[in-house]
Amino acid sequence: LHDALPILKEGVAKEKISFVGNIMIDSLIQFQNKAKESDILLRITADSGKEVTKQNYSLITLHRPSNVDSKEGLITILNAFEEISKHIKLVFPIHPRTKKQIKEFNLQDKVDKMENLLLVPPVGYYDFLNLEMNAKFILTDSGGIQEESTYFGVPCLTLRPNTERPITITEGTNKLCKLDTKSIISDSMDILSGNTKEGKIPKFWDGETAVRIVEIFRDKFYGDK
C-alpha cells in the first residue's frame, strides 16, 4: 500500500483504491513503433547543418515559469547549456513561452552564439518520442518526459527542486538537478563520462493499464453479467 499512502491520507477507504499502472505509458507503447519510423533526426540535420544521430545529442525541454520567467534563472540555465554544448549537441524544441522570454530578456545573442545548441520548432508526438528514445540524455522541466525517459531507459536530469513523479527517481532514470550552473554542468558531465543512473521500468508500466481499469469497472458495476 506504499504507493497509495497519499490517497489514504486524504481519507479514501482502502477498498476503494486499485493499483492499475500508468495510463500515459499505454499511449507510449501503442505508438512507439510509429515513433521509431520518424525521420526527425534527418530533418534536424538538414535544417541545422549539424549531424544529429542516435546518442550524439542531448534533448532539452524548458518552459516552466519558475525557470524561464526570471532573467537570472534563465541565464543560470543558459550558462550551463553553453558549457555542455561544448561536449555534445543540444537539441532544443523551444517552447513559445521560452522563446518569448529569451527575446524579452535580450538573451538572443547569447543563444545564437552556441553553435551546438540547435533550436527547433515544437515537434509532434511521434517526432518527440523519437528524439527521447535516441537521446544520450535529457534535460527537462516537464513531468511527462520524466516518465517517458524512465520507460525508454534514457538518463534524465530534471531542472526543478521537486517532482510529482517520484517513482521516476526511486525506480527510474530520473534525477533532480539543483538549479545552479555548476550542478547542471556537473550532472551532465557525469552522464557523458558514463556515470549514468541505472533504472528500471516500474510495475504495471506495461501498456495494460486501460485494460485493468476496464476490468475493475466491469467487476464493480456489472459483476458476473
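Kindly provide the helix-only [θ] at 222 nm of the chain, computed as the sum of -39,500 (n - 2.57) over DSSP H runs of four or more divided by all residues, to the nearest 500 deg cm²/dmol? Write down the numbers at each step before the final one.
On the way: 12 runs with 109 residues, N = 225.
Taken over the chain, the calculation gives -13500 deg cm²/dmol.
When only the Cβ of Lys, Arg, Asp and Glu is charged (+1, +1, -1, -1), the dipole of region 1-130 relative to its Cα centre reaches about 100 debye. For Lys54, a cut-off of 15 angstrom between C-alpha atoms picks up these aspartates and glutamates, skipping any fewer than 8 places away in its own chain: Glu37, Asp39, Asp127, Glu132. In the context of the full set of protein chains, residues of region 102-216 present 47 Å² of accessible surface per residue (probe radius 1.4 Å, heavy atoms only). Only one item in (i) 43, 43, 37; (ii) 66, 38, 34; (iii) 53, 51, 32 matches Cα extents along the principal axes in Å derived from the coordinates shown, and that item is (ii). The accessible surface of region 1-54, taken with every protein chain in place and a 1.4 Å probe, is 53 percent carbon and sulfur.
GNM on the chain, alpha-carbon springs under 10 angstrom: the most fluctuating residue among Gly172, Gly11, Gly199 is Gly11.
Helix 209-221 axis versus longest C-alpha principal axis of the chain: approximately 30°, rounded to the nearest ten.
For the options Lys103, Lys14, Lys113, a Gaussian network treatment of the chain with springs between C-alpha atoms closer than 10 Å singles out Lys14 as fluctuating the most. Computed over region 1-112, relative contact order equals 22 percent, with contacts defined as Cα pairs under 8 Å that lie 6+ residues apart. Under the shape rule built on the C-alpha gyration tensor, where the axes satisfy a ≥ b ≥ c, region 64-129 is oblate, since a/c reaches at least 1.5 while a/b does not exceed b/c.
Radius of gyration (Cα atoms) of region 96-206, expressed as a multiple of 2.2 N^0.38 Å: 1.14.
Share of carbon and sulfur in the accessible area of region 67-202 stands at 49%, probe radius 1.4 Å.
Taking every alpha-carbon pair under 8 Å whose residues sit at least 6 apart, region 70-225 reaches a relative contact order of 20 percent.
Over 28 Å between Cα atoms: which of Lys99/Lys175; Lys36/Lys178; Lys36/Lys89; Lys99/Lys203 fall into that group? In this structure, Lys36/Lys178; Lys99/Lys203 exceed 28 Å between Cα atoms.
Using a 1.4 angstrom probe on the protein heavy atoms only, could you order Arg218, Arg160, Arg43, Arg212 from most to least accessible area? Kindly include the intermediate steps, with their values, before the conclusion.
Details: Arg218 115, Arg160 20, Arg43 95, Arg212 45 Å².
The residues order as Arg218, Arg43, Arg212, Arg160, largest area first.
Please state the shape class of region 1-93: rounded when a/c is under 1.5, otherwise prolate if a/b exceeds b/c and oblate if not, all from the C-alpha gyration tensor.
Oblate.
Ranked by solvent-accessible area (1.4 Å probe, protein heavy atoms only, all chains present), the residues Glu198, Glu171, Glu208 order from largest to smallest as Glu198, Glu208, Glu171.
Solvent exposure of region 2-74 amounts to 63 Å² per residue of accessible area, where only protein heavy atoms count and the probe is 1.4 Å.
The values are calculated or read from the model by the stated rules, or taken from the named source; none is laboratory data. All values reported here derive from a predicted model rather than from experimental measurement. Backbone-built Cβ (ideal geometry, glycine too); neighbour counts: all protein chains shown. When the accessible area is computed, the model is the full protein with side chains, heavy atoms only, and any ligands, DNA or RNA have been set aside. Shrake-Rupley method; radii C 1.70, N 1.55, O 1.52, S 1.80 Å.
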